[in-house]
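One structure is given below, encoded as structure tokens.
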Amino acid sequence: VMAPREIGRGATEWEEKRALLRWLHRDVYVKLGVSSIEGVGVFAVRVIPRGQNPFTTCNDHLLRREKMITLSEREIEECAEGAGTKAISTLVKSFFAPLTEIVETDGKGKGREVECRDEDGALLFGVNATGTNTLDASWYLNHSDEPNVRFVECHVDDGFNSYEALREIAVGEELTVDYREMGGEYHHNATTPQQQQQER
């Protein structure tokens, strides 16, 4: 019998296999599927309890660090123009929300969220440094005015944002989030004209 070989940060291949099997047995909650809302969506493969993060992972020592690069809307449009297709701009804006900041409005620390802009007034977007081909299932959540999942922002450097079920989610049910929580511009870019019309 061969001894298990060590893989990354001290974990052995056997330990990683055991962690993966444990995750598949009790912690995998979602899959991608065809959505009646828009294109691809995220669906429950088992009951998701209220408060549960449906996008759990295992063997976290193998996860890549999540890093966002700030791009202006102008830079995104120039890339799309250079590539000869507006689809590049549409893709980026449908996955990545404009950056926001809290602007104090009352002198007592209370404020409102506003979208960040560069010195020329162009919106600034936080775009995944490794591109769109490395996005996990959570990036495929569709919008709903009555979502069953909420976004939970990470406040730790190099950490990961997560989500939380707002109620119990049944097997086969599509998971949705309210895009308006991520800003008006993102909501506009990431929802279909039909969805926008229904909301009026």
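The values are calculated or read from the model by the stated rules, or taken from the named source; none is laboratory data. As the structure is a prediction and not an experimental result, all values here were calculated from the model. For neighbour counting, all protein chains shown are included, and Cβ atoms are generated from backbone atoms with ideal geometry for every residue, glycine included. The protein model used for the area step is the full one, side chains on, heavy atoms only, and it has no ligands, DNA or RNA in it. Shrake-Rupley method; radii C 1.70, N 1.55, O 1.52, S 1.80 Å.
Table for the structure above
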read-out: Residues being touching a residue at least 12 places away in the same chain (Cβ under 8 Å) and polar (S, T, N, Q) - total across the range 78-89; value: 1
read-out: Failed criterion for Gly131 (all others in (1) within 14 Å of the chain's Cα centre (by Cα); (2) modelled with pLDDT of 85 or more; (3) crowded, with 16+ Cβ neighbours inside 10 Å hold); value: (3)
read-out: Single residue of the range 99-119 satisfying the filter (open to solvent by less than 50 Å² (accessible area, probe 1.4 Å) and not in a loop (DSSP other than H, G, I, E, B)) that is nearest to Asp136 (Cα to Cα); value: Val114
read-out: Selection status of Thr70, assigned to a strand (DSSP E or B), surrounded by fewer than 16 Cβ atoms within 10 Å (Cβ to Cβ) and either among the aliphatic types (A, V, I, L, M) or out of contact with any Lys or Arg (no Cβ under 6 Å at 6 or more places or on another chain) (or both); value: yes
read-out: Looking only at the range 79-98, and only at residues there that are within 14 Å of the chain's Cα centre (by Cα) and not in a helix (DSSP H, G or I), the one that is modelled with the lowest pLDDT; value: Ala97
read-out: Hits in the range 13-44 - residues which are among the aromatic types (Phe, Trp, Tyr) and open to solvent by 70 Å² or more (accessible area, probe 1.4 Å); value: Trp14
read-out: Complete set of residues in the range 45-64 that are farther than 12 Å from Val28 by Cβ and open to solvent by less than 40 Å² (accessible area, probe 1.4 Å); value: Asn59
read-out: Pair list, Cβ under 6 Å, 6 or more apart: the range 120-133 residue under 10 Å from Glu73 (Cα atoms), other residue among the hydrophobic types (A, V, I, L, M, F, W, C); value: Leu124/Leu99; Leu124/Cys116; Phe125/Leu71; Phe125/Phe96
read-out: Selected residue (criterion: least open to solvent (accessible area, probe 1.4 Å)) from residues of the range 142-156 that are aliphatic (A, V, I, L, M) and modelled with pLDDT under 95; value: Val152
